[in-house]
Every structure is written in structure tokens, then in C-alpha cells.
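Quick one: this structure, given as C-alpha cells, is what I'll be asking you about.
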Amino acid sequence: MLRRALLAASASTRLRQLITTAPQTRAIVEKYVAGETADDAVRVTRTLRAAGLLVTLDYLGEDTKDPAQAAAATDEYIQLAGKLGAEGLTQGGAAEVSVKPTAVGLFLGTRMAQENIGRICAAAREAGTTVTLDAEEFAAIEPTLRIAAQLRAEYGDLGCVVQACLRRSEDDCRALAAYGTRVRLCKGAYSEPESVAFTSRRDIDRSYARCLRALMNGSGYPMLATHDPRLIRIAAARAGLAERDSGSFEYQMLYGIRPAEQARLAASGAQVRVYVPYGSDWYGYLVRRLAERPANLMFFLRALSSRR
Ligand SMILES: Cc1cc2nc3c(=O)[nH]c(=O)nc-3n(C[C@H](O)[C@H](O)[C@H](O)COP(=O)(O)OP(=O)(O)OC[C@H]3O[C@@H](n4cnc5c(N)ncnc54)[C@H](O)[C@@H]3O)c2cc1C
């Protein structure tokens, strides 16, 4: 309930103003966001790589209403891929990029988004790495999967994301797994109606386990994005049953969340990728992180109320 209420309230201009201008916000943003520039992102990537972790980088921004802004976000990714490649951080896809289709123009037209994503895929390939398309609100899911399917004819390693909270996702996982696709499985960070989504934690977790099974039993490359200890245990068990070796799938977690667990899994021989966002447009990302965890939200509210 709290999560849904916060996600709904986040559209309010007053709440946005309050959160983005509060001095206490900075420390919380720094916990989850690598910094404002590509150089900040590369610096954090270097540190994570040195610790044996894989990385995927997200240039913050979403729901772009302006073609010039969509083009600028695309150029930022192209430059980032070049920087990562020049530093030797992309070898074997060790550092890749995650792109939100609405940041590069999805809601301005699928053709524009596909062209922009295609340019990012070309730059990533040139740099020796891959692209994963994030999953966003429900209206973006079908066009995103369609773009991914079309671009995959040229860029077979283009990954996509499935949100376990959606009722359609088990079918999507089966179809994607049959094609050998790189698929990130997450619970889903957006608030969606009952008509298209499971809304209770229990139903979402059960759907995650079913999707996980479909991906592990398929011929693709599952990327299991969760901090949930129970689902991580289920993933390990499923990998064993499917006789997958540790190089045939990976765990993914967000920068700043459960870093000790990230290190523990990597030390156990698993592949672990950290999703690292950077940039100045962090509001939507921060609200989703606060909404996921009441403890984070309470900490944030206490910090806000003690500012006088
Ligand atoms: C790598 C990655 C990529 C993602 N990409 C997408 C995407 O493309 N589209 C999308 O909709 N969603 C995406 N998500 C977000 C995802 O959908 C969930 O909203 C988010 O991961 C929280 O769900 P959870 O599986 O970690 O489980 P939860 O049930 O939220 O948490 C399980 C446990 O993890 C720990 N934990 C979780 N969140 C926090 C936190 N903020 N701070 C501290 N501890 C925490 C706690 O111990 C908690 O009990 C992504 C998540 C990850 C990890």
C-alpha cells in the first residue's frame, strides 16, 4: 500500500521539489547513484571490477518528451561506451550499458527509439560490449520487446528485462528463453493495476520463481536481478537442477544495495553484476528505491523532519 501510494505521489510537483531540494537528500542519493558524470561512472566501474564484480551502467533519465533530449541521452551512451572500451573495462562484456527506452524517445515514436537504441548497440559492439533494455511502465513493455526483437536480428546479444509482477511475464520468459536471449528477471519497480499485474508480494515472488524456472530451463542467458535472499537461493537450486555452470547465468543487484551479499556471491564463484546509475536526473530512480523499502523511507522522512 505504502509503496503504491509513494509511487503515485511521486508525480506531484510539490513532492518532487521537496525531495530534490532537501539538503539531506544528497547523502541518500550518493548511496545509490555513482555521480553526475560519465567519468564518475567509469571510476565506480573500475572499483567494482577490481572487486571482481561485473557492471551495467545506466545514464539516468526517463520519459523524455523532447527529441533533442532523446538524442543527447543516446550520445551520452555512445561516449560512455567509448570511455569504457578505451579503459579496457568492456572485455568479455564485463561492463555493459542499460538503456531505458523512454529516455531515448520511446514515447515520441518507436521508430526514433529504435534508431537511437540501434546507435547505442553499434557503439557498444565497437567497444566490445552489450546493451540491455530496461523494462519500464506497462505502456512501454510491448513496444520495448518489439524493438528488442527487431534489433536482435543484427545485435543478437541485445538483452531485455522481464518484470515478474506482470501477468504476461511467464509467457514472455518462455518465448525469450527459446530464442537464447539475455534476459534480466526482476520483480518490477512500477505500480501497475490488478488487470495486468500481480500486486501482492507473495504472488509476485511466486511468479518470479516460475519465470526463473522457464529461463533456467531455456537456452538463453538468465540475469537474476533481485536482492531477495529466498529468490537467490531458489535461483542457485534451479541452476543446479538445470545443470548450468556458473558462467551460464548471472546475479544482478543495484549499486548501494546489499554490497556484502554481492561480494559473498562473487567470492563463491558466481557471476554478479552491479547496476550502476549516474547522472543528474535521479528523482524517479530514488523514489522507486525509497518505495521498495519502508526502512529507507522512514530514514529519509526522519532526515527531512530534522532539518530545522
Ligand atoms: C540489477 C537490477 C536491475 C533492475 N532493473 C529493473 C528494470 O529494468 N525494470 C524494473 O521495473 N525494475 C528493475 N529493477 C528493480 C526491481 O524490479 C525491484 O523493484 C527491486 O530490485 C527490489 O526488488 P527485490 O527483488 O530486490 O526484492 P524486495 O522484496 O524488494 O527485497 C528483498 C530484500 O532485499 C533487500 N533490499 C531490497 N531493496 C532494498 C533497498 N532499497 N535497500 C536495502 N535493502 C534492500 C532487503 O533485505 C529486502 O528484504 C532492477 C533491479 C535490479 C537489482
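Would segment 83-105 turn up any residue that is over 25 Å from VAL44 (Cβ atoms) and not basic (Lys, Arg)?
yes
What pairs come out if I take residues in segment 238-257 that are closer than 14 Å to GLN271 by Cα and at pLDDT 95 or above and pair them with residues that are charged (D, E, K, R) and away from the ligand (no atom under 16 Å from the Cβ) whose C-beta lies under 9 Å away, six or more apart or interchain?
Listed pairs, sorted by first residue: ALA239/ASP245.
State yes or no: is ALA303 near the ligand (Cβ under 10 Å from one of its atoms) and at pLDDT below 95?
No.
Might you check whether a residue that is at pLDDT 95 or above and touching a Gly at 6+ places or on another chain (Cβ under 7 Å) occurs anywhere in segment 71-85?
Within segment 71-85 (the criterion being at pLDDT 95 or above and touching a Gly at 6+ places or on another chain (Cβ under 7 Å)), the answer is yes, since at least one residue qualifies.
Right, something else. Output yes when any residue across segment 202-210 is of a type in the set (Val, Ile, Thr) and closer than 13 Å to LEU185 by Cβ, and no when none is.
Within segment 202-210, one or more residues are of a type in the set (Val, Ile, Thr) and closer than 13 Å to LEU185 by Cβ.
Sticking with this one: Go through (1) open to solvent by 30 Å² or more (accessible area, probe 1.4 Å); (2) away from the ligand (no atom under 15 Å from the Cβ) for ARG230 and report which single condition fails.
With (1) open to solvent by 30 Å² or more (accessible area, probe 1.4 Å); (2) away from the ligand (no atom under 15 Å from the Cβ) applied to ARG230, the lone miss is (2).
Could you give me the residue pairs with C-beta distances under 8 Å whose first residue belongs to segment 263-283 and is under 23 Å from ASP134 (Cα atoms) and of a type in the set (D, E, K, R), whose second residue is part of a loop (DSSP other than H, G, I, E, B) and open to solvent by less than 20 Å² (accessible area, probe 1.4 Å) wherever it lies, and which are 6+ apart or on separate chains?
ARG273/LEU53; ASP281/LEU60; ASP281/GLY61
Go through (1) within 15 Å of ARG182 (Cα to Cα); (2) among the charged types (D, E, K, R); (3) surrounded by 21 or more Cβ atoms within 10 Å (Cβ to Cβ) for GLU136 and report which single condition fails.
All conditions pass for GLU136, except number (1).
Continuing with this model, one more query. Being modelled with pLDDT under 85 and surrounded by 19 or more Cβ atoms within 10 Å (Cβ to Cβ) is the filter here, so list the residues in segment 8-53 that pass it.
ILE19, ILE28
Can you tell me which residue is nearest to ALA148 (Cα to Cα) among those in segment 170-196 that are of a type in the set (Gly, Ala, Ser), touching a Leu at 6+ places or on another chain (Cβ under 7 Å) and within 11 Å of the ligand (Cβ to nearest atom)?
Ranking the qualifying residues of segment 170-196, first place goes to GLY188.
Oh, and also: For segment 210-218, does any single residue satisfy the condition of being surrounded by fewer than 17 Cβ atoms within 10 Å (Cβ to Cβ) and not in a loop (DSSP other than H, G, I, E, B)?
yes
Output the number of residues of segment 10-43 satisfying the condition of being over 20 Å from GLU62 (Cβ atoms), part of a loop (DSSP other than H, G, I, E, B) and of a type outside the set (Gly, Ala, Ser).
Selection size over segment 10-43: 2.
Something else: Please go through segment 60-117 and give me each residue that is more than 16 Å from the ligand (Cβ to nearest atom), polar (S, T, N, Q) and not in a loop (DSSP other than H, G, I, E, B), ordered by number.
Across segment 60-117, the qualifying residues are GLN69, THR74, GLN79, GLN91, THR110, GLN114, ASN116.
Between a residue in segment 11-28 that is over 16 Å from ASP281 (Cα atoms) and any residue that is of a type outside the set (Val, Ile, Thr) and surrounded by 10 or more Cβ atoms within 10 Å (Cβ to Cβ), which pairs come within a Cβ distance under 8 Å, given they are 6 or more apart or on different chains?
Within 8 Å, the pairs are GLN24/PHE300; GLN24/ALA303; GLN24/LEU304.
Same structure again: Would you confirm whether any residue within segment 240-255 is surrounded by 15 or more Cβ atoms within 10 Å (Cβ to Cβ) and in contact with a His (Cβ under 9 Å, 6 or more places away or on another chain)?
yes
Another question, if that's okay. Residues that are assigned to a strand (DSSP E or B) and basic (Lys, Arg): does segment 236-258 have at least one?
Checking segment 236-258: not a single residue is assigned to a strand (DSSP E or B) and basic (Lys, Arg).
Take the conditions touching a Phe, Trp or Tyr at 6+ places or on another chain (Cβ under 9 Å) and more than 9 Å from the ligand (Cβ to nearest atom) and apply them to GLY240. Does it pass?
It is false that GLY240 is touching a Phe, Trp or Tyr at 6+ places or on another chain (Cβ under 9 Å) and more than 9 Å from the ligand (Cβ to nearest atom).
The values are calculated or read from the model by the stated rules, or taken from the named source; none is laboratory data. These figures come from a predicted structure and were not determined experimentally. Here the Cβ is made from the backbone with ideal geometry for all residues, glycine too, and neighbour counts use every protein chain on show. Surface areas here come from the heavy atoms of the whole protein model, side chains and all, with no ligands, DNA or RNA. Shrake-Rupley method; radii C 1.70, N 1.55, O 1.52, S 1.80 Å.
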